[in-house]
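The values are calculated or read from the model by the stated rules, or taken from the named source; none is laboratory data. The shown structure was predicted, so the numbers you read here are calculated from the model rather than taken from an experiment. Ideal geometry is used to build each Cβ from the backbone, glycine not excepted, and the neighbour counts take in all protein chains shown. When the accessible area is computed, the model is the full protein with side chains, heavy atoms only, and any ligands, DNA or RNA have been set aside. Shrake-Rupley method; radii C 1.70, N 1.55, O 1.52, S 1.80 Å.
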Amino acid sequence: MKRADGRMYNELRPVTITTDFVKFAEGSVLIQCGDTKVLCCASVEDRTPPHVQPGCGWVTAEYSMLPRANRQRSRRDVDKLKVSGRSAEIQRLIGRSLRAAVDLELLGERTITVDCDVLQGDGGTRTASVTGGFIAMALACRRLVESGDLGRSPIRHYVSGISAGIVEDEAMVDLQYSEDSCAMVDLNCVMNELGEIIELQGTGEGRAFTLREQQELVELCAKGNRELIAKEKEILGGVL
C-alpha cells in the first residue's frame, strides 16, 4: 500500500547521518530519519559506576526531547529527578541496546555515555537514537584506539533500531507521527548485523495482535535494520 508520504509499506524514510557534528564530543552524529532529527554525542570518562566489576567498562545513555521538538512545547528535564517516565524508559532501552554491541572487558575501566537529544520528533525517536548512538559510540571507541588508549576497538557488533506498526489493519515499517499516532499496534526492534534480536517492544494500543502479525512486523524490522546496518558499515568504513 502507498502511504501519506508516498512510501511503500516496507520502505524506510530517507536517512541522513552526519558524523562529527559536535566539536568536543569523542563521537557525535546527527541522524535524520524523515523529519525526525536526533543529535547523539558519545563521551568517554576514565571511571565506572560502583556496580561495575573491576576491570570492566560501562555504556549508558541519556535521552531527552528539546521543548519544541514536538508540535507543542514540552517541559524541559532539568535534572535526573525530573526525567519523565517515558524518557527514563527510552534511555534504558538505548543503554541496553548499545551495551549489547560492546565487549565491556576490552573497554576497560571506562564509561561511555551516549546523550541522545531529540531536536525534532516525527516518530521513531528512540530507534533513531539507537542507530545514531551506536555510530557515535563506535567513533568514540575508534578515537580511543587512535590515541593508543586501547589496542583495538571493543565494538563487537553493529546495532540498529527501527519501528513498525499496524495502521488500519496494514503492517508497515518506520512509522512517521501521522501513522504512529493512530497505530493499532506499535513495535520497536533492535537487531545486530547477524539478524539477532536485542530488544523487542510490542504493544497493542488499539487492539490485540496475533503471533502471525508480530512475525510480519519483525520481518519488516529485520529488512529495515539490514538497510540501516549497511549504512553504518558505509559510514564506518566497514571496520569497527
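Tabulated results
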| read-out | value |
| --- | --- |
| In the stretch 26-38, the residues that are more than 19 Å from SER178 (Cβ to Cβ) and surrounded by fewer than 16 Cβ atoms within 10 Å (Cβ to Cβ) | none |
| Those residues of the stretch 120-164 which are more than 22 Å from LEU220 (Cα to Cα), assigned to a helix (DSSP H, G or I) and open to solvent by 10 Å² or more (accessible area, probe 1.4 Å), in sequence order | LEU139, ARG142, ARG143, LEU144, VAL145, GLU146 |
| One residue from ILE112, ILE162, ILE155 being under 19 Å from ALA183 (Cβ atoms) and either of a type outside the set (D, E, K, R) or in contact with a Phe, Trp or Tyr (Cβ under 6 Å, 6 or more places away or on another chain) (or both) | ILE162 |
| Neighbours by Cβ (under 8 Å, 6+ apart or cross-chain): first from the stretch 226-238, over 17 Å from CYS189 (Cβ atoms); second among the hydrophobic types (A, V, I, L, M, F, W, C) and in a helix (DSSP H, G or I) | ILE235/ILE135; LEU236/ILE135; LEU236/ALA138; LEU236/LEU139 |
| Residue satisfying condition, being open to solvent by 70 Å² or more (accessible area, probe 1.4 Å) and within 21 Å of the chain's Cα centre (by Cα), within set PRO54, PRO50, PRO67, PRO14 | PRO14 |
| LYS23 of a type in the set (Lys, Arg), exposed (fewer than 13 other Cβ atoms within 10 Å of the Cβ) and either touching an Asp or Glu at 6+ places or on another chain (Cβ under 7 Å) or more than 25 Å from GLY195 (Cβ to Cβ) (or both) | yes |
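Listed here are the residues, each with its yes/no results for (1) at pLDDT 95 or above; (2) out of contact with any strand residue (DSSP E or B) (no Cβ under 7 Å at 6 or more places or on another chain); (3) small (Gly, Ala, Ser).
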position: THR113; (1), (2), (3): yes, no, no
position: THR127; (1), (2), (3): yes, no, no
position: LEU139; (1), (2), (3): yes, no, no
position: VAL145; (1), (2), (3): yes, yes, no
position: GLY148; (1), (2), (3): yes, yes, yes
position: ILE162; (1), (2), (3): yes, no, no
position: GLY165; (1), (2), (3): yes, no, yes
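Okay, residues lined up against (1) touching a residue at least 60 places away in the same chain (Cβ under 8 Å); (2) assigned to a strand (DSSP E or B):
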site: THR18; (1), (2): no, yes
site: LYS23; (1), (2): no, no
site: LYS37; (1), (2): yes, yes
site: CYS40; (1), (2): yes, yes
site: ILE90; (1), (2): no, no
